[in-house]
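The values are calculated or read from the model by the stated rules, or taken from the named source; none is laboratory data. Every value quoted in this text rests on a predicted model; they were computed, and no experiment measured them. Cβ placement follows ideal geometry from the backbone for every residue including glycine, while neighbour counts extend to all protein chains displayed. The area values use the complete protein model at the heavy-atom level, side chains included, leaving out ligands, DNA and RNA. Shrake-Rupley method; radii C 1.70, N 1.55, O 1.52, S 1.80 Å.
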Amino acid sequence: MSLSRKFNLALKSLLGKWLVRSNPVKIDLAQCRRVLVLELWGLGDVVFAAPAIKALLAQDPNRSVDLLAQPSSKPLLELMGLGLTPVFFKFPWTQFDNKYNPVHYLRPSFWRLIRRLRANHYDLILSVREDPRDALLARLIAPRHSLGYAAFGSHLFLSSSIPAMRSHKTDAWFRLLAFLGITQEAKRAFLELRGEIKGRLPASASSAGKRIVLHCSARNPVRDWGLPHFVELGRLLERDPAGYEIQWLSDSNSPATNAVPGHWRKLSGNLAEILAIIASSGLYIGNDGGMMHMADLFGAKICAVFGPTDPGTFFPYGQPDSLVFLPEVACRPCFDYCIYPKPICFNGITPADMHRKALELLHVGS
């Protein structure tokens, strides 16, 4: 277990309820003309936030919303066309390694960003992350109001905070909106956004449900079910009498593809082209990660393999019944800080298990 994780657990044990003390000060949303949404992490997190951002903009067309996000989210935001203004920056604490190196926090670019955001004089900052670093960032930007969840001392830096509870991240965003008086149902908002943005994808040849996309990739290796498992699963599927065609998707986080059968077609193109192929396929199979959540948002049928992350918080929101994971592992969720040489949370998830689940999903609605 990492030193930072041990420190967090020790603080939680020592300080207990004080760390999660909420301060639910009411905010007049009608007076909040300029809003900044913080989503500093991955592409999947931007997907979770998108329906709530759309609802926030729809509630008052004269309101402006800025989104502070990772630079990697730019193509996705362009595809979604939400009407917000993005601000891109890679924050030190969103890295998996070396995140507490003080040098990262002394860089002039970090403080230039803070000054730039302070100059915008935001009326409201929203953050769904139960993380005091996000709350402290909000305090540094100095809005009139800031709203988030009370956890790990975040209430010390937020002007208003509500109690955290275990839920999907999309639902967590809509709990913040409900506190502000926007009562739109989260699942309906997600599906409405899906319906609007699917038309922005380029046309892709229909596969009549026979194309299956395999994506062996994970930004953190502890989330990866493993290349041999994905290859064996593909071999099982292509031997099926239904005649499925396997297409292999690689990205910068994928392992070397030497073991991938040469006759499998390799997906390539920009994000829109890849998502168009996935959305028109019979099934997308991958680890818990950004591409899986983007595919879900754009209407693909999903089979997701979950290891160390909490499926209750990060399941593909459009189709929660599509998961494959062990019922219980004592150390899940470990927040990507695995205490074992190899993650044990994937133990027992075999290609045969995934094959059965994939066929089940392929036959739903066919």
Exercise for review: Can you check what the Kirkwood hydrodynamic radius comes to for the range 53-152, Cα pairs only, in Å to one decimal?
Suggested key: 14.9
Check your understanding: Taking the structure as given and computing percent of Cα pairs over 40 Å apart, which label from (1) 26; (2) 15; (3) 41 fits?
Key -> (2)
Exercise for review: Please list, or write none, the aspartates and glutamates whose alpha carbon is within less than 18 Å of the alpha carbon of residue 187, excluding same-chain residues fewer than 8 places away.
Suggested key: 45, 171, 196, 296, 321
Check your understanding: Any idea how far the Cα center of the range 69-85 sits from the one of the range 283-320, in Å?
Key -> 20
Study note, to complete from the structure: Sorted on mean Cβ neighbours within 10 Å (highest first), peptides 185-198, 168-181, 147-160 come out as 147-160, 168-181, 185-198
Practice item. Could you do me a favour and compute the accessible area per residue for the range 58-150, 1.4 Å probe, result in Å²? Key: 47
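Filter the cross-link list 198/357; 54/169; 26/169; 54/74; 198/266; 90/266 down to pairs whose alpha-carbon distance in this structure exceeds 19 Å.
From the list (198/357; 54/169; 26/169; 54/74; 198/266; 90/266), the Cα-Cα distance tops 19 Å for 198/357; 26/169; 198/266; 90/266.
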Practice item. Calculate, for the range 162-287, the solvent-accessible area per residue in square angstrom, rolling a 1.4 angstrom probe over the heavy atoms of the protein chains. Key: 45
Revision key, fill the gap. Share of accessible surface on carbon and sulfur in the chain, whole %, 1.4 Å probe and ligands ignored, is 56
Review point. How far, in nm, would the chain grow between residue 256 and residue 139 when pulled straight, counting 0.36 nm per residue and subtracting the alpha carbon separation?
Key: 37.8 nm
Study note, to complete from the structure: Expected unfolding gain across residue 156-residue 120 under the 0.36 nm per residue rule, minus the alpha-carbon gap, is 10.7 nm
